[in-house]
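Below: the structure, in structure tokens.
The values are calculated or read from the model by the stated rules, or taken from the named source; none is laboratory data. If you're wondering where the values come from, they're calculated on a predicted model, not measured in any experiment. With ideal geometry, Cβ positions are generated from the backbone for all residues, glycine too; neighbour counts draw on all protein chains shown.
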Amino acid sequence: MKVLLFGPPGAGKGTQAKIVAKKLEIPHISTGDLLRKTIRTGSKLGLQIKELLDKGEFVTDEMINSLVKETLLEYESFILDGYPRTLQQAEFLKKIFDEKNKKIDAAIFIDAPLDMLLKRITNRRVCPVCGRVYNLISHPPKKECICDDDGTQLVHRDDDKEDVVKERYNIYLERTAPVIEFYKKNYKIFTVDGSQDIEDVTKELFNILKGVSSNDNN
């Protein structure tokens, strides 16, 4: 099964993608993880990506399309988190799948209001060593600002700070409307309220995927 999860920053895509991937035993592909992995290489591309993210901007379509294509074609099943974010990315994804005679089984849009997104993201902290993500409100570490797993001081990433989050959200709103319209025309798109409790969002997602799977088997 090939599933797309998209929505504004902080809507819960990553959390839900991990849950779904584990349950369905399929790879979870996060564009955020792909970008951070590239940044850690210290390559020219990685430095360019870091500069854009630090300013609250999205990376170019060409950059992210190249990373996604290289990864997606390795798998028959996956859940893709955080892509596509622009019409050009959506068209690119459709093109590479049409060329391989493959299709997206479900495109799911997880939405949430800005005030909730700000609360979630600005309270996020990350372990720079193991990559574990915490939230100071909903999922705090046992010891303040210290990773439970390896005792490393947690960091507040630049792209998780309020001014950057607001800028990313505004850019997202500007770009996301054409993407939603594209999926309405080319696929059946589903919308889930990401402001609900995690368990309720998960339940909705599995109901959607169960319905999609049933239709494919008919």
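Based on what the data block shows, is residue 165 among the aliphatic types (A, V, I, L, M) and in contact with a strand residue (DSSP E or B) (Cβ under 6 Å, 6 or more places away or on another chain)?
Values: among the aliphatic types (A, V, I, L, M): yes; in contact with a strand residue (DSSP E or B) (Cβ under 6 Å, 6 or more places away or on another chain): no.
No; evaluated as a whole, the condition is false for this residue.
Selection of the stretch 73-126 for residues being crowded, with 20+ Cβ neighbours inside 10 Å and of a type in the set (D, E, K, R) yields 81, 85, 120, 124, 125.
Does the stretch 23-36 hold any residues that are among the aliphatic types (A, V, I, L, M) and either modelled with pLDDT under 90 or outside any helix (DSSP H, G or I) (or both), and which are they? Outline the logic, then answer.
Of the stretch 23-36, the ones among the aliphatic types (A, V, I, L, M) are 24, 26, 29, 34-35.
If the condition is that a residue be among the aliphatic types (A, V, I, L, M) and either modelled with pLDDT under 90 or outside any helix (DSSP H, G or I) (or both), then 26, 29, 34, 35 are the ones that fit.
Inspect the stretch 186-204 for any residue being modelled with pLDDT under 85 and over 26 Å from residue 23 (Cβ atoms) and give the result as yes or no. The answer is yes; a qualifying residue exists. Residues in the stretch 159-214 that are surrounded by fewer than 14 Cβ atoms within 10 Å (Cβ to Cβ), closer than 24 Å to residue 90 by Cβ and either in the same structural domain as residue 139 (by TED's automatic domain parsing) or without any contact (Cβ under 8 Å) to a residue 60 or more places away in the chain (or both): 170, 174, 177, 181, 184, 185, 211. State whether one or more residues within the stretch 207-215 are at pLDDT 90 or above and of a type in the set (Gly, Ala, Ser). Scanning the stretch 207-215 turns up no residue that is at pLDDT 90 or above and of a type in the set (Gly, Ala, Ser). Taking the stretch 23-37 as the range and being farther than 13 Å from residue 80 by Cα and surrounded by fewer than 20 Cβ atoms within 10 Å (Cβ to Cβ) as the test, the residues that pass are 23, 24, 25, 36, 37.
Each row is one residue, and each column tells you yes or no for (1) part of a helix (DSSP H, G or I); (2) free of Cβ contacts under 8 Å to residues at least 40 places away in the same chain.
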{"residue": "11", "(1), (2)": "no, no"}
{"residue": "14", "(1), (2)": "yes, no"}
{"residue": "21", "(1), (2)": "yes, no"}
{"residue": "38", "(1), (2)": "yes, yes"}
{"residue": "47", "(1), (2)": "yes, yes"}
{"residue": "58", "(1), (2)": "no, no"}
{"residue": "67", "(1), (2)": "yes, yes"}
{"residue": "95", "(1), (2)": "yes, yes"}
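Taking the stretch 103-117 as the range and being outside any strand (DSSP E or B) and either of a type outside the set (Gly, Ala, Ser) or in contact with a strand residue (DSSP E or B) (Cβ under 7 Å, 6 or more places away or on another chain) (or both) as the test, the residues that pass are 103, 104, 105, 113, 114, 115, 116, 117. When 155, 133 are checked against the criterion of being touching a strand residue (DSSP E or B) at 6+ places or on another chain (Cβ under 7 Å) and modelled with pLDDT of 95 or more, 155 stands alone in meeting it.
Among residues of the stretch 127-138 that are under 13 Å from residue 36 (Cβ atoms), those with a Cβ under 6 angstrom from a residue that is outside any loop (DSSP other than H, G, I, E, B) and at pLDDT 90 or above, sequence gap 6+ or separate chain, pair up as 128/155; 133/126. Going by the structure shown, is residue 32 of a type in the set (Gly, Ala, Ser), within 28 Å of residue 209 (Cβ to Cβ) and in contact with a helix residue (DSSP H, G or I) (Cβ under 8 Å, 6 or more places away or on another chain)? Judged against the criteria, residue 32 is a match. Restricting the search to the stretch 139-164, which residues are more than 18 Å from residue 36 (Cα to Cα) and aliphatic (A, V, I, L, M)? Hit for the stretch 139-164 is 146, nothing else.
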